[in-house]
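**Student:** Quick one: the structure is below, and I'll ask about it shortly.
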Amino acid sequence: MTSIPYYNRTIDYAITLPRKRGMNMNILVLGGNGFVGQEVLTLALEKGYQVSYLSRHPGEGELFTNPAVTYIQGDLLAADSIRLNQNYDWIIDLVGSITPKTLDALNVQARKGTVALANTNHVPNILYLSANVGYPSYVKTKRAGEAIIQKSGLNYIILRSGLIYGPGRPSSLSTAILVKFAIKIPLIGKAFSSIAPTPVANVAEQILTAIEQETRNLVKNIEIRS
């Protein structure tokens, strides 16, 4: 059970389903060739999951030449044309944008594609990586995407993340250092604490831990870990 903010109060809203772990789990990662996606795929393989990823273009590097990783070419903006040849337990949706020109397409319309993909291919569960910080129009589109998932009738988990950093995105490392430094400064530190950065490896760990738990239909923040 979890608490979801609703105006100035909270609503407890969750259901419990049987737990499924490790080699019994078959996941499809949308945007698996991205910054967070690569970390999720790597950790999922270590845990013994069956792993596939969907993107418009295949990933590059050693991870994506692993025969245990299945690539599916597809575009969430044309999801009705995608047919999956496996039965997946979860769709992990990591697709999104912070660029103003593509906010609606990748943060809102793509969520409709995620739901269509799940329904067409009978995938019962969706985990969506959303955000709890950002400029107003970005956060607004993230919330709109969340609403599409919540109204889909599918089981869902929505994780809201702050800043994420890791070696796969060099610019994020300098940003993380600056924010961590600012947090320690008296008077202004409190203002920065809400955007405290989390390592991408910890975000991936929390994503996979969430789908292994029994609780569904919840919205929660990624825990901040340094």
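The values are calculated or read from the model by the stated rules, or taken from the named source; none is laboratory data. Because the structure is predicted, anything quoted here is derived from the model rather than measured. Note that we place each Cβ from the backbone using ideal geometry, even for glycine, and neighbour counts take in every protein chain shown.
**Student:** Any residue that is under 11 Å from ALA79 (Cα atoms) and in contact with a helix residue (DSSP H, G or I) (Cβ under 8 Å, 6 or more places away or on another chain) - is there at least one of those in segment 95-109? Before the answer, list the steps.
**Tutor:** Narrowing segment 95-109 to residues under 11 Å from ALA79 (Cα atoms): 109.
Filter once more, keeping what is in contact with a helix residue (DSSP H, G or I) (Cβ under 8 Å, 6 or more places away or on another chain): 109.
The answer is yes; a qualifying residue exists.
**Student:** Taking segment 111-141 only, how many residues are in a helix (DSSP H, G or I) and either touching a residue at least 40 places away in the same chain (Cβ under 8 Å) or among the aromatic types (Phe, Trp, Tyr) (or both)?
**Tutor:** Qualifying residue count for the region: 4.
**Student:** From the residues in segment 66-107 that are part of a loop (DSSP other than H, G, I, E, B) and among the small types (Gly, Ala, Ser), which one is surrounded by the most Cβ atoms within 10 Å (Cβ to Cβ)?
**Tutor:** First, pick out the residues of segment 66-107 that are part of a loop (DSSP other than H, G, I, E, B): 66-68, 74-75, 82-89, 94-99.
Now drop any that are not among the small types (Gly, Ala, Ser), which leaves 68, 74, 96-97.
On the way: ALA68: 13, GLY74: 18, GLY96: 24, SER97: 15.
The qualifying residue surrounded by the most Cβ atoms within 10 Å (Cβ to Cβ) is GLY96.
**Student:** Further question on the same structure: Would you point out the residue of segment 197-226, among those that are touching a helix residue (DSSP H, G or I) at 6+ places or on another chain (Cβ under 6 Å) and assigned to a loop (DSSP other than H, G, I, E, B), that is modelled with the lowest pLDDT?
**Tutor:** The extreme case among them is ARG225.
**Student:** Kindly evaluate THR42 against the criterion of being hydroxyl-bearing (Ser, Thr, Tyr), within 24 Å of GLY162 (Cβ to Cβ) and at pLDDT 95 or above.
**Tutor:** Yes, satisfied.
**Student:** Oh, and also: Over 18 Å from the mean Cα position of the chain (by Cα) and touching a residue at least 60 places away in the same chain (Cβ under 8 Å): does that describe GLN86?
**Tutor:** Numbers: over 18 Å from the mean Cα position of the chain (by Cα): yes; touching a residue at least 60 places away in the same chain (Cβ under 8 Å): yes.
Spelling it out, GLN86 is indeed over 18 Å from the mean Cα position of the chain (by Cα) and touching a residue at least 60 places away in the same chain (Cβ under 8 Å).
**Student:** Could I ask something else about it? Residue under question is LEU63, and the condition is that it be closer than 24 Å to SER152 by Cα, in a helix (DSSP H, G or I) and in contact (Cβ under 8 Å) with a residue 24 or more places away in the chain; does it hold?
**Tutor:** Working: closer than 24 Å to SER152 by Cα: no; in a helix (DSSP H, G or I): yes; in contact (Cβ under 8 Å) with a residue 24 or more places away in the chain: yes.
For LEU63, the condition - closer than 24 Å to SER152 by Cα, in a helix (DSSP H, G or I) and in contact (Cβ under 8 Å) with a residue 24 or more places away in the chain - is not met.
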